[in-house]
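Structure record follows, encoded as structure tokens.
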Amino acid sequence: MNILVTGSSGLIGSEAVLYFEHKGHCILGVDNNMRRVFFGNQGDTTWNLQRLLQETKHFTHMDLDIRNRELLFRLFREHRFDLIIHCAAQPSHDKAKELPLIDFDVNAVGTINLLEATRQLSPEAVFILMSTNKVYGDAPNELPLKELETRFDYARPEDYEGITEECRIDRCLHSIFGASKVAADVMAQEYGRYFGLNVGVFRGGCLTGSAHAGVELHGFLSYLVKTAVADQTYTVYGYKGKQVRDQIHSYDVIRAMEEFVQNPRSGEVYNLGGGRENNASILECIHLIEKIGGSKVRWVYKEQNRIGDHICYITDMSKFKSHYPNWEVSYSLEGILQEMIAAEKTKR
């Protein structure tokens, strides 16, 4: 296959490049390192691009901004793609409020640029949008919760597996980032349902792995590991550190995409995360890092939580597993942390 990966130097994009290139496919990666613009030197992904160039034979990188419609359409006229994996985004819940126009242009306008180029010039291709669970805004916080010693959890047995795709995406507080991703998410669905393109939307939770360039404003687990290994101080914002997330390794994300590519469903939406088996609160993650890394994690607490933040978010993967029963989570949370800690220590 000829595959286009946007955001190819990021966590999910780079995992897609390596996975599909090693299977013999030709990959064109588009990435203009906007992450460095968003987050400064800590967010720079040049190191990951260099890694991709060293480890692949059939990967070509292009410095292209997905907001540039003219250049993007020229790219599609020059290449016919069988698969488009769209990962490029302004990814930060918190950063978006500082640059709402850029956030919307990258997340929403960039996405429709790619969708329309696909419709006009590669209509048989499979198109995968890496969306986010932030499209649900703070609606998941309306589920009844119980407070335990180290975490919050769902109070009702029927909510045990977590948030399903039935959760509403409007009439709630999203953050600017969440709203721009809603626009991209719904438009991608429409190109599948209205135009009949092979579009799949993956609403990711906490996606992580050793290739994650985590910063304070985005990539919680990666940033927590970095601060712990560097013996710096991590700041916990609100909810007593008991807010819960499920974690999924980037490899398992790409495996889910591969299953979809083999049997695409036009305009379908899937939640994507580590599920009940890979969930933990911030306090529990700190404890696990201390257990694996062998040293105390320094952290401080600020009472004010992030606006629109989820108190407890566990991904219900039932729908995806029912459509694609060959897929399963292969990385445990402890395994993810072991890999990330080891990788971070090699950089010191």
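FYI, it's all coordinate maths here, none of it is from the lab. Given the structure is predicted, the values throughout are model-derived calculations rather than measurements. We place every Cβ from the backbone using ideal geometry, glycine too, and count neighbours over all the protein chains shown.
Things worth noting here:
- For I314, the residues whose amide H sits under 5 Å from its own are I163, ignoring neighbours fewer than 5 places away on the same chain, with H placed 1.01 Å from N.
- Net charge contributed by nearby residues that have their C-beta within less than 14 Å of R36 (K/R +1, D/E -1): -2
- Table column - 3J(HN,Hα) (Hz), segment 152-164, Karplus curve with 6.51, -1.76, 1.60, x for Gly and Pro: 9, 8, 6, 7, 9, x, 5, 9, 4, 6, x, 8, 9
- Virtual spin-label span in nm between E124 and K319, 7 Å along Cα→Cβ: 3.0 nm
- To the nearest ten degrees, helix 69-78 and the longest principal axis of the Cα atoms of the chain are 60 degrees apart.
- Separation of alpha-carbon centers, segment 229-280 and segment 74-97, rounded to whole Å: 20 Å
- Rounded to the nearest 20 debye, the dipole size of segment 8-138 about its Cα centre is 140 debye, using +1 on the Cβ of Lys and Arg and -1 on the Cβ of Asp and Glu.
- Each residue of segment 244-255 was assigned a 3J(HN,Hα) from its phi angle through the Karplus expression (A = 6.51, B = -1.76, C = 1.60, θ = phi - 60°), giving 10, 9, 9, 10, 10, 6, 4, 4, 5, 5, 5, 4 Hz with x at Gly and Pro.
- 20 Å Cα-Cα threshold exceeded, pairs from K97/K134; K95/K319; K291/K345; K97/K226; K95/K242: K95/K319; K97/K226; K95/K242
- Close amide H pairs (under 5 Å, H built 1.01 Å from N) link R298 with Y234, residues at least 5 positions away or on another chain.
- Dipole of the chain computed with +1 at Lys/Arg Cβ and -1 at Asp/Glu Cβ about the Cα centre; of A342, F81, P325, farthest Cα towards the positive end is A342.
- Protection-proxy order for peptides 188-201, 140-153, each taking the mean of Cβ atoms within 10 Å per residue, highest first: 188-201, 140-153
- Of (i) 20.2, 71; (ii) 19.1, 58; (iii) 18.3, 58, the label for Rg and Dmax of the Cα atoms in Å derived from the coordinates: (ii)
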